[in-house]
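J.: One structure, as structure tokens, below. Some questions next.
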Amino acid sequence: MIRSLFGSAALATLLALSPAVGTAQSLAGPYLAGRQAAILSDYEAAARYFSQALARDPSNPSLMEDAIVGQLSLGRVDRALPIARLIEEQGLRSQAAHMTVIADLIANEDYEGFLARDTETQGIGPLVDGLLVAWAMIGADDNDAALAEFDRISEERGLRGFALYHKAMALAGLGQFEAAEALFTDEAGPLQQTRRGAMARAEVLSQLDRNEEAVESLRASFGTAADPELLAMIEALEAGETLPFTHITSARDGAAEVFYSVAGALRQDAGADYTLLYARLARYLRPDHIDALLLTADLLESLDQYALANAAYKQVPADHPAYHAAELGRAAALRQSGKPEAAIEVLEQLAKRFGELSIVHSTLGDVLRQQDRFEEAVAAYDLAIELDTESVRRSWFLHYARAIALERLDEWDRAEADFRKALELNPGQPQVLNYLGYSLVEKQIKLDEALAMIEEAVAASPDSGYIVDSLGWVLYRLGRYDEAVGHMERAVELMPVDPVVNDHLGDVYWAVGREREAQFQWMRALSFVDPDETGGEADPARMRRKLEVGLDVVLEEEGAEPLKVADED
């Protein structure tokens, strides 16, 4: 496994450098800056600073590896390659360096050069090395040896699924479609069941003049939730077209598929920064590998590198069937980087081009709702619901999201109908139960039903601070103050710095006569909100007023019902 960018090995190396003060100081600055950038996954800065440090100490192995990883994370294999070659020339082991050199050999179709390497000392890992060797054998026109190598790997514990998936791809790439289909049918491993695997099998079936089976297999895998790329494939199959096998057209494509499929597996267990290296190399070996590009963008987004993610999404050609998926991803990256208006613009343009896709309108509705543009959000959700032909799993959320927007517009009758429709589609859904129950409490209607809903939501999500807070609050609204205390205290434990939850606990404490503790909670709540904010649930002006005169006076000033008087017991 590659050493982490922010490990301590390079720091130890730095401390062991020559005692010359000028040299140490000139190296320490860029090294420490690079290390900090690496911790933040700021690859542009990391690559720049580590390169500066390496220029001042060009024989430092740790700095060489850090520089390679920084460049690979940006997809700049050409900049990483000279450093990687230097590491190997010095006989040093570095997974990052070996990955870079191997990728370059395969990109240049130097399969003999790759096969001459010693994978024990210059390899990446058993699975990747074995699969790459098999593909390199195909590149070297030794197909029988390649197929035997896939079989050998399949005997290794835990590697069978990978080996047989790649063998099926290799057989299809060699035109042996019957043998490939036999593997897809008999060895339905996890990779064969992925979107990419299902599409590859459909192409194989089409090559065998079995278009009807190909359509059935796609329908079985994706149901009605097909995206434009899948729909285009299904339409072509139903029209009687023979689809070419596009997933693998060369040994180089096969090697790219190795890095991509391993990246997909690593995504579940390894860090996104490590997985990113494999996704970048898959795209380097096959520039038209759009799935690898989308994975790269998604990983960058998960690492909070929104500018890099946005740049990656924009590389998907406008005429590619996956363009809508890339634009949806780009909108998400823009929104998360604090540019919601830019995200809305992207989605509005997308809606003009892909107006038949429910997900485009629902995503636009989500962003509009988050920007408090509720009327526009409702209009977007209306279209999404009208177009939605997917499973109940998605339909319930569309009604739930539209209900939230309608509730904010004070269109309660329509909102309640949508909340109840969402529950009809997804009974017991805790988010819906909580939101509807809480709204009923705030409106002081159907309180017994609201209590039952929120109790059910708490039973389903006992560690959700918002839902536990709702239970405490409905009990408070019902005048059952003593019962409310424990739930509100639990909610604060779950969400200790949430201003609304702390404010609610203060009100409950006041209601049971614990006035000093109530004042403490209001002060805590006040410390967690913007002092300039007014209105809303977390209203600092209201908190200050309660601290001045107490909750009873505030309720009287608001014309609200006074607190219920407890009996003497």
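No lab work stands behind these numbers, since they all come straight from the coordinates. If you're wondering where the values come from, they're calculated on a predicted model, not measured in any experiment. So basically every Cβ, Gly included, is an ideal-geometry build from the backbone, and we count neighbours across all protein chains shown.
J.: At 0.36 nm per residue, minus the direct Cα-Cα distance, what do GLN371 and GLU483 gain on full extension? Give it in nm, one decimal, please. Could the numbers behind the result be given before it?
T.: On the way: separation 112, 0.36 × 112 = 40.32 nm, distance 3.65 nm.
Value of the extension gain: 36.7 nm.
J.: Along Cα→Cβ, 7 Å out, is where each label goes; now give me the distance between the ones at ALA311 and ASP288 in nm to one decimal.
T.: For the pair ALA311/ASP288, the computed spacing is 2.5 nm.
J.: Report, in degrees rounded to the nearest 10, the 0 to 90 angle that the Cα long axis of helix 43-56 makes with the longest principal axis of the chain.
T.: On a 0 to 90 degree scale, this one is about 50.
J.: Placing +1 at every Lys and Arg Cβ and -1 at every Asp and Glu Cβ, with all other atoms neutral, what dipole size does segment 296-349 have around its Cα centre, in debye to the nearest 20?
T.: Numbers: 4 positive and 8 negative charges, 19 e Å.
I would put it at about 80 debye.
J.: If you split all Cα-Cα distances of segment 289-383 into 5 Å bins from zero, what percentages do you get per bin, shortest first?
T.: Here the calculated profile for segment 289-383 is 2, 16, 25, 22, 20, 10, 4, 0.
J.: How do 282-290, 340-348 rank on mean C-beta neighbours within 10 Å, highest first? Walk me through the numbers on the way to the answer.
T.: Working: 282-290: 20.8, 340-348: 18.9.
Top of the packing list down: 282-290, 340-348.
J.: How many nm is it between the label spots at ALA55 and GLU442, if each spot is 7 Å from the Cα in line with the beta carbon?
T.: Modelled inter-label distance: 5.7 nm.
J.: Computed over the Cα atoms, what is the radius of gyration of the chain divided by 2.2 N^0.38 Å, N being its residue count? Display every interim value, and only then the final one.
T.: Working: Rg = 29.7 Å, N = 569, 2.2 N^0.38 = 24.5 Å.
Its radius of gyration relative to the 2.2 N^0.38 Å reference: 1.21.
J.: What is the order of TRP510, TRP396, TRP135, fewest Cβ neighbours within 10 Å to most?
T.: Details: TRP510 23, TRP396 20, TRP135 30.
Going from least to most buried by this count: TRP396, TRP510, TRP135.
J.: Then there's this: Tell me, rounded to the nearest percent, the portion of alpha carbon pairs in segment 117-171 spaced more than 14 Å apart. Write down the numbers at each step before the final one.
T.: Details: 713 of 1485 pairs.
The answer is 48 percent, as a whole percent.
J.: Okay, next question. Taking the mean number of other Cβ atoms within 10 Å as a proxy for protection, how do you rank 64-76, 467-479 from highest to lowest?
T.: On the way: 64-76: 25.8, 467-479: 24.0.
So the order, starting with the most tightly packed, is 64-76, 467-479.
J.: Using packing as a proxy for protection, rank 483-493, 540-550 so that the peptide with the highest average count of other Cβ atoms within 10 Å comes first.
T.: Numbers: 483-493: 19.8, 540-550: 16.8.
Result, highest mean first: 483-493, 540-550.
J.: To continue, here is another question. Over all directions, how big on average is the projection of the convex hull of the alpha-carbon atoms in segment 429-528, in square nanometres? Write down the numbers at each step before the final one.
T.: Details: hull surface 22.0 nm².
Over every viewing direction, the Cα hull of segment 429-528 projects on average to 5.5 nm².
J.: Please give the Cα centre distance for segment 144-166 versus segment 189-253, rounded to the nearest Å.
T.: 23 Å
J.: Please give the net charge around VAL215, taking every other residue with its beta carbon less than 11 angstrom from that of VAL215, where Lys and Arg add +1 and Asp and Glu add -1.
T.: Numbers: positive: ARG210, ARG219; negative: GLU212, GLU213, GLU216, GLU235, GLU238.
Every neighbour counted, the sum reads -3.
J.: At what distance in angstrom do the alpha carbon centres of segment 327-344 and segment 482-549 lie from each other?
T.: Centre-to-centre (Cα) distance: 34 Å.
J.: Helix 481-494: angle to the longest alpha-carbon principal axis of the chain, degrees 0 to 90, nearest 10?
T.: 20 degrees
J.: Which of the residue pairs LYS421/LYS443; LYS339/LYS421; LYS314/LYS352; LYS167/LYS314; LYS314/LYS421; LYS443/LYS564 have a Cα-Cα distance greater than 29 Å in the structure shown? Intermediate results must be reported in sequence, preceding the final value.
T.: On the way: LYS421/LYS443 20 Å; LYS339/LYS421 33 Å; LYS314/LYS352 18 Å; LYS167/LYS314 33 Å; LYS314/LYS421 38 Å; LYS443/LYS564 18 Å.
Check vs 29 Å cut-off fails for LYS339/LYS421; LYS167/LYS314; LYS314/LYS421.
J.: Would you mind getting me the FRET efficiency between ARG93 and ALA28? Use the beta-carbon distance for r and R0 = 45 Å, nearest 0.05.
T.: 0.95
J.: Here's something else I'd like to know. Please list, short to long, the whole-number percent of alpha-carbon pairs of segment 9-124 in consecutive 10 angstrom bins beginning at zero.
T.: The distribution over segment 9-124 is 15, 43, 29, 11, 2, given as percents.
J.: Modelled label-to-label distance, GLU345 and ALA541, 7 Å Cα→beta-carbon offset: nm?
T.: 3.5 nm
J.: Please report the relative contact order for segment 452-569, taking Cα pairs under 8 Å with a sequence separation of at least 6, and give it as a percent rounded to a whole number.
T.: On the way: 144 pairs, mean separation 19.5, N = 118.
Once normalised by length, the contact order is 17 percent.
J.: Ok, one more. How far is helix 61-73 tilted off the main Cα axis of the chain, in degrees rounded to 10, range 0 to 90?
T.: Value to nearest ten degrees: 70.
J.: Can you compute the helix-only [θ] at 222 nm over the chain? Use -39500 (n - 2.57) per DSSP H run of at least 4 residues, normalise by all residues, nearest 500 deg cm²/dmol. Working shown, then result.
T.: Numbers: 33 runs with 411 residues, N = 569.
Computed mean residue ellipticity for the chain: -22500 deg cm²/dmol.
J.: For segment 177-259, take the alpha-carbon Rg, divide it by the Kirkwood Rh, and send me Rg/Rh. Let's see the in-between values first.
T.: Details: Rg = 12.3 Å, Rh = 13.0 Å.
Ratio of gyration radius to Kirkwood radius for segment 177-259: 0.95.
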